[in-house]
Amino acid sequence: MFRKYSCSVFLFALFAVALSEVTVAEEPIRVEMETPKGWRTETLSLPTGFAKDMKLTGFEEVRFAPGMFRPDAEDFFTYCFVFCLPDQASPNPKVLTEELLKYYRGLAVAVTRRSGIDVKPASFTLKITPVKDSKTKSRAVMTWIEPFATRKPQTLNLEIESVLDNSVKGCLLKIAVSPKPRDGNVWKPMRKLLKGAKVVVTSTP
């Protein structure tokens with residue numbers, strides 16, 4: 001038990017190193033999301049320090065499942081996040097594909113930079129497919145090199161919802177991520193978290 005916990009803490013520290021150049025979002029607005037017991041949180045500015053070429057601007061609110069960095073855990077690399085994008089329309093599938101690839105390529109390179117491992121970020125792929133009969137939801141499959149624990153090829157499933165929000169005159173991108181099949185139990189808490197995510201205006205911009 002102790003070794004598993006220590007490994008998780010160590011890998012979370014690696015994630016923090018990857019975000020070391022990121023400025024924590026200081027906005028007059030925030031995204032309110034539940035934090036279940038054992039889950040970790042992070043709030044980042046967009047574009048992030050590891051993906052400065054991203055064109056989406058705003059901030060990101062993240063929730064990491066307890067087993068996020070433990071390869072033997074049922075919820076390994078399972079997490080959800082919200083991109084809050086004030087004054088921006090919902091990105092179309094082409095733009096969203098480009099932006100998410102920049103994000104994950106930059107993240108993988110930042111995490112593995114000191115180890116000298118070449119994760120071949122140009123080989124990462126992402127395919128987004130709209131959900132039938134929905135104007136706001138889509139699904140995606142991404143292939144990449146998982147950079148934190150295994151540093152091996154991994155396929156991630158993504159569920160994406162783009163919601164217009166008048167309080168920021170822009171949109172919220174709600175995204176759940178896991179290598180598990182979409183009918184797995186790990187998806188239930190993420191769907192609940194994202195469904196309840198909402199913008200809270202703390203002061204007048």
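Does the range 66-96 hold any residues that are of a type in the set (Lys, Arg) and either at pLDDT below 95 or assigned to a loop (DSSP other than H, G, I, E, B) (or both), and which are they?
70
Can you tell me which residue in the range 176-205 is farthest from residue 144 (Cα to Cα), limited to those that are of a type in the set (A, V, I, L, M, F, W, C) and not in a strand (DSSP E or B)?
197
Do we have any residue at all in the range 120-142 that's in contact with a strand residue (DSSP E or B) (Cβ under 7 Å, 6 or more places away or on another chain), farther than 23 Å from residue 54 by Cα and not basic (Lys, Arg)?
yes
Which condition breaks for residue 132 when tested against (1) loosely packed, with under 13 Cβ neighbours inside 10 Å; (2) touching a residue at least 40 places away in the same chain (Cβ under 8 Å)?
(2)
Failed condition for residue 111, given (1) surrounded by 15 or more Cβ atoms within 10 Å (Cβ to Cβ); (2) modelled with pLDDT of 95 or more; (3) among the aliphatic types (A, V, I, L, M), with all others met?
(2)
What's the number of the only condition in (1) polar (S, T, N, Q); (2) closer than 15 Å to residue 87 by Cα; (3) modelled with pLDDT of 95 or more that residue 185 fails to meet?
Among (1) polar (S, T, N, Q); (2) closer than 15 Å to residue 87 by Cα; (3) modelled with pLDDT of 95 or more, the lone unmet condition for residue 185 is (2).
Out of the residues in the range 155-175 that are of a type in the set (Val, Ile, Thr) and assigned to a strand (DSSP E or B), which is surrounded by the fewest Cβ atoms within 10 Å (Cβ to Cβ)?
Here the answer is 155.
For the range 97-115, check the following and say yes or no: at least one residue is small (Gly, Ala, Ser), within 26 Å of residue 30 (Cα to Cα) and part of a helix (DSSP H, G or I).
yes
Does residue 63 satisfy the condition of being in a strand (DSSP E or B), touching a helix residue (DSSP H, G or I) at 6+ places or on another chain (Cβ under 8 Å) and among the charged types (D, E, K, R)?
Yes; evaluated as a whole, the condition is true for this residue.
The values are calculated or read from the model by the stated rules, or taken from the named source; none is laboratory data. Keep in mind the model is a prediction, meaning the values are calculated, not measured. Every residue, glycine as well, gets a Cβ built from its backbone with ideal geometry; the counts of neighbours run over all protein chains shown.
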